1. Suppose every Lys and Arg Cβ carries +1 and every Asp and Glu Cβ carries -1, with no other charges. What dipole size does the chain come out with about its Cα centre, to the nearest 20 debye?
2. Report, in deg cm²/dmol and to the nearest 500, the calculated mean residue ellipticity at 222 nm for the chain, where each DSSP H run with n ≥ 4 adds -39500 (n - 2.57) and the sum is divided by the residue count.
3. log10 I(q)/I(0), Debye, Cα-only region 16-150, no solvent, q = 0.20 Å⁻¹?
4. Through the Karplus equation 6.51 cos²θ - 1.76 cosθ + 1.60, θ set to phi - 60°, convert the phi angles of region 19-24 into ³J(HN,Hα) values in whole Hz; use x for Gly and Pro.
5. What are the residues whose amide H is under 5 Å from the amide H of TYR78, where those residues sit 5 or more places off or on another chain and H is modelled from the backbone?
6. Please give every one of the lysines within straight-line cross-link reach of LYS76, meaning a C-alpha to C-alpha distance under 19 Å, and leave out same-chain neighbours fewer than 8 residues apart.
7. Explain nothing, just compute: Karplus ³J(HN,Hα) = 6.51 cos²θ - 1.76 cosθ + 1.60, θ = phi - 60°, for every residue of region 111-126 in order, whole Hz, x for Gly and Pro.
8. Just name one of THR48, GLN112, LEU94: the one whose Cα is farthest towards the positive end of the charge dipole of region 6-119 (beta-carbon charges, Lys/Arg +1, Asp/Glu -1).
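Where a number appears in this text, it was derived from the coordinates with a stated rule and is not lab data. Please read these numbers as outputs of a predicted model, since none were measured by experiment. In this analysis, Cβ positions are derived from the backbone assuming ideal geometry, glycine residues included, and neighbour counts consider all displayed protein chains.
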Amino acid sequence: MENAIFTNMCMIYDGDRILVQDRRDPKWPGVTFPGGHVEPEESFLLSTIREVKEETGLDVWDLQFCGMKQFTDREKGYRYVVFLYKTDCFSGQLCSSREGEVFWINRQELNQYRLARSFEPMLEIFENEDLTEIFYWYDQETDDWRLETV
């Protein structure tokens with residue numbers, strides 16, 4: 001049996017603007033989209049709605065499933081899965097949380113910020129409907145991690 005940790009992430013957009021979060025977590029700092037952990041017996045979609053509310057103050061709906069990112073933590077022995085959603089349906093007052101500062105930027109400006117590690121490949125899943133998964137795997141022959149986008 002394989003152990004797994006389930007998480008989520010949501011791209012909220014308004015035309016060419018996207019909502020980003022500058023994370024304070026020293027384990028995974030940088031700009032990314034809001035999201036977090038799925039609680040036991042919680043649906044993936046509802047966990048995303050809850051996490052967005054907690055981290056941004058916004059209510060979101062009509063989320064579109066984009067795909068997922070996954071990798072295995074070889075030392076701790078679990079698979080880490082991130083379910084990726086996007087929406088342009090939101091309301092409420094934007095406010096930051098202890099997770100990090102949230103703010104709107106134009107999509108073209110994203111690379112002007114320090115991005116969270118491995119966030120850039122995830123953007124392909126959010127923005128390219130032909131892709132559904134990012135999978136990191138450890139290549140024994142090269143003794144290094146590999147990235148596959150499918």
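1. Values: 16 positive and 30 negative charges, 93 e Å.
Roughly 440 debye for the chain.
2. Details: 2 runs with 22 residues, N = 150.
That comes out to -4500 deg cm²/dmol.
3. -1.41
4. After applying 6.51 cos²θ - 1.76 cosθ + 1.60, I find 8, 10, 10, 8, 5, 8 Hz.
5. Under 5 Å from the amide H of TYR78: ASP73.
6. LYS27
7. 6, 7, 10, 6, 7, 4, 4, 6, 6, 4, x, 5, 4, 4, 5, 5
8. Toward the positive end, the furthest listed residue is GLN112.
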